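First up is the structure itself, then whatever we jot down about it.
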Ligand SMILES: NC(=O)c1ccc[n+]([C@@H]2O[C@H](COP(=O)([O-])OP(=O)(O)OC[C@H]3O[C@@H](n4cnc5c(N)ncnc54)[C@H](OP(=O)(O)O)[C@@H]3O)[C@@H](O)[C@H]2O)c1
C-alpha cells in the first residue's frame, strides 16, 4: 500500500538539504500540501521548485532559524496562516558537533541544544493545538547516536537522547487526544551533515562513507530516501494507525557494529 497524503498539510523542518530535502520530495510525490523550513533561502527555493515539479503546487517556503524563538514563532504562525491547519509535523532540522569534554565550549553546546532540542520543543508546543484538531501526528528525526556510546561528537548524542525521550513523553500525553508521535533514528546517511563538521572535500567524504559502510551489517550507508520512506510509513494513518511512542532505527544494523572508530575519525 502506498501512503496517500492528498489534502494533508505537512511541515518539514530542515528541508533545504539532505534528509529533510528527501522527505519533502517524497511527501510532494505522495500528494501533501507542504510547508518547508530552512535558513538558506537559495537552497530552500531550489527544493521548493523540485517539490512543485512533483506536486504541481508550490510549497510554502519559510526561511527561519529554528534555534531562535523568533524563527519558531514565524514557522508556526506562517504555516497556520497559509493553510489553516496542520496534519503532520516533521522535526528534522539538526546540527552536529565534534567535541570532547576536554575541549568543550558553551557556544557549541548552545548551538546544538538550541537547534536539536529547544527549537523542537518550542515549535512542537506551538503546533500541538492544530495537531489535536486534525488528529495529526509528529515525526522527530533523531540519530542512533542518541543510544550508542562514542567519543568525539559531544554534545550531539546527548541532544538526540533528549529528543528520543521527549518523543515518548509527549506520545503518552497526546495519545488520548488522538495524536501519534514517533521517532526515526538514522544511521550514517548521505547528506551535508559530516561535511558541515569537517573540511573534507568530496573525495575525502566519499572515502569516509566507504569506510562507514564497512561497519554496517547490511553493507551500505543510508540515502535520504531510505529515511524518508520510513517517515512516510509512520506518518500514514492507514499504515501505522496504532504506532506511537516508537523509535525506529533506519541504519542497516549499524548500531550493533563498532561505530566508535568512525565517529573518532572526524572528531577533533
Ligand atoms: N546524515 C546523517 O548521517 C545523520 C545521521 C543521523 C541523524 N541525522 C539527523 O538527520 C537530520 C537531518 O540531517 P542531515 O543529515 O540532512 O544534515 P544536513 O544535510 O546538514 O541538513 C540539515 C538541515 O537542517 C537545517 N537546519 C540546521 N540548523 C537549522 C536551524 N537553526 N534552523 C533551521 N534549519 C536548520 C539545514 O538548513 P539550512 O542550512 O538551510 O539552515 C538543513 O536543511 C538532523 O536532525 C540530523 O541530526 C543525520
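Summary table below
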{"read-out": "Percentage of interatomic Cα-Cα distances in the stretch 185-268 larger than 22 Å", "value": "33"}
{"read-out": "The chain: C-alpha pair distances exceeding 29 Å, %", "value": "27"}
{"read-out": "For the stretch 1-28 versus the stretch 98-140, the gap between their alpha-carbon centres in whole angstrom", "value": "19"}
{"read-out": "The chain, relative contact order [Cα under 8 Å, separation at least 6], %", "value": "20"}
{"read-out": "Using alpha-carbon coordinates, inclination of helix 202-213 to the longest axis of the chain, degrees", "value": "90"}
{"read-out": "Nearest 10 degrees, 0 to 90: helix 69-83 Cα axis against the chain principal axis", "value": "40"}
{"read-out": "Likely footprinting exposure, 57, 197, fewest C-beta neighbours within 10 Å first", "value": "57, 197"}
{"read-out": "Which of 27, 5, 193 has the fewest Cβ neighbours within 10 Å, and the rest in rising order", "value": "193, 5, 27"}
{"read-out": "Percent RCO, i.e. relative contact order, over the stretch 24-147, from Cα pairs under 8 Å lying at least 6 residues apart", "value": "24"}
{"read-out": "With Cα atoms, 0 to 90° folded angle of helix 119-134 axis to the chain main axis", "value": "30"}
{"read-out": "Rg(Cα)/(2.2 N^0.38 Å) for the stretch 19-72, N = residue count", "value": "1.10"}
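Only the coordinates and a few stated rules stand behind these numbers; no lab work does. The model shown is predicted, which means the values in this text are computed figures rather than measured ones. Cβ atoms come from the backbone with ideal geometry, glycine included; neighbour counts cover every protein chain shown.
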